[in-house]
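In what follows, a structure is listed as structure tokens, so that the remarks can point back to it.
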Amino acid sequence: NAGVTQTPKFRILKIGQSMTLQCTQDMNHNYMYWYRQDPGMGLKLIYYSVGAGITDKGEVPNGYNVSRSTTEDFPLRLELAAPSQTSVYFCASSPGHNTEAFFGQGTRLTVV
Amino acid sequence: RKEVEQDPGPFNVPEGATVAFNCTYSNSASQSFFWYRQDCRKEPKLLMSVYSSGNEDGRFTAQLNRASQYISLLIRDSKLSDSATYLCVVSPNFNKFYFGSGTKLNVKP
């Protein structure tokens, strides 16, 4: 049972480059989330989705975009990478409103 | 004001000790509350949900105080394997989870 899978696990980007962080879940969860975690800090919500075709901004959406064309996939796009986007990115899913969130293993991104 | 605030610690305790963490939240309309555990360089994992009546799971007890807007986690008989960062999570009615910055626990032999 794979759960939530994120790729890549690590990535180094140059300033101004773009990339897509992939997230897929096999639990048929409607709710999916993208968080970033800076060192010594809690998780901050970037974007979330309550179902295929529906996305909404979280606390820190600037510099990111998402799409949700299927229930399984929720990719996060960085268009013009900046050093401030150096962080660990976690994707999560949950089966419903106010229930447990299951996390992927994270993507460590460094922008230089 | 932050949605969720926690003492960052670290809490350094000997094996067998009892340790308690508190967490305060700002949104009085919050509906769901959780404690997550995060090991170094790993993803957060659910430790336990926090119910209005309080709940216990083995050595772990969680309490919710809505009037004062805080939740607590008590760990009895600490084990070396309890060393981790404990994240307080609060969810309002609109499909979001707000995470505290975590409290670091070090259990020493």
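Just the number, please: Stokes-Einstein D of the stretch A:6-112 in µm²/s, Kirkwood Rh from C-alpha pairs, 20 °C, 1.002 mPa s.
In µm²/s, the coefficient is 156.
Please tell me the relative contact order of the stretch A:15-112 in percent, rounded to the nearest whole number, where contacts are Cα pairs under 8 Å and at least six residues apart.
The normalised contact order for the stretch A:15-112 reaches 33 percent.
Please compute P(r) over all alpha-carbon pairs of the stretch A:47-93, binned at 10 Å starting from zero, and give each bin as a whole-number percent.
For the stretch A:47-93, the pair-distance distribution reads 25, 56, 19, 0.
Just the accessible area for residue A:66, please: 1.4 Å probe, Å², rounded to the nearest 10?
30 Å²
So what is the orientation-averaged projected area of the stretch B:14-109, using the convex hull of its C-alpha atoms, in nm²?
Projected over every direction and averaged, the Cα hull of the stretch B:14-109 covers 6.1 nm².
What percent does the relative contact order of chain B come to when contacts are Cα pairs within less than 8 Å and at least six residues apart?
RCO, chain B: 38 percent.
For the stretch B:1-54, give the percent of accessible area contributed by carbon and sulfur heavy atoms, probe 1.4 Å, rounded to a whole number.
The computed percentage sits at 46.
Taking the Cα centre of chain B as origin and charging only Cβ (+1 Lys, Arg; -1 Asp, Glu), how large is the dipole, in debye to the nearest 20?
In total the dipole reaches around 200 debye.
Please report how far the C-alpha centroid of the stretch A:8-56 lies from that of the stretch B:67-81, rounded to the nearest whole angstrom.
After rounding, the separation between the Cα centres reads 29 Å.
To the nearest 100 Å², how much accessible surface do chains B and A cover up together, summed over both, with a 1.4 Å probe?
Its buried surface, counting both partners, is about 1900 Å².
Within the set A:9/B:108; A:44/B:79; A:14/A:44; B:45/B:108; A:57/B:2; A:44/B:108, which residue pairs have Cα atoms separated by over 26 Å? Walk me through the numbers before you get to the answer.
Details: A:9/B:108 31 Å; A:44/B:79 30 Å; A:14/A:44 23 Å; B:45/B:108 22 Å; A:57/B:2 18 Å; A:44/B:108 31 Å.
Beyond 26 Å between Cα atoms: A:9/B:108; A:44/B:79; A:44/B:108.
For a bin width of 10 Å, list the pair-distance distribution of the protein assembly as shown built from all Cα-Cα distances, rounded to whole %.
The percentages, shortest bin first, are 8, 33, 34, 20, 5, 0.
With r defined as the distance between the Cβ atoms of residue A:19 and residue B:12 and R0 fixed at 41 Å, what FRET efficiency is calculated, to the nearest 0.05?
The pair residue A:19/residue B:12 has a calculated efficiency of 0.55.
The values are calculated or read from the model by the stated rules, or taken from the named source; none is laboratory data. Everything numeric in this text was worked out from a predicted model, so none of it was measured. Cβ sites come from the backbone with ideal geometry, for glycine too, and all protein chains shown count toward neighbours. Areas reflect the complete protein model, heavy atoms only, side chains present, ligands, DNA and RNA absent. Shrake-Rupley method; radii C 1.70, N 1.55, O 1.52, S 1.80 Å.
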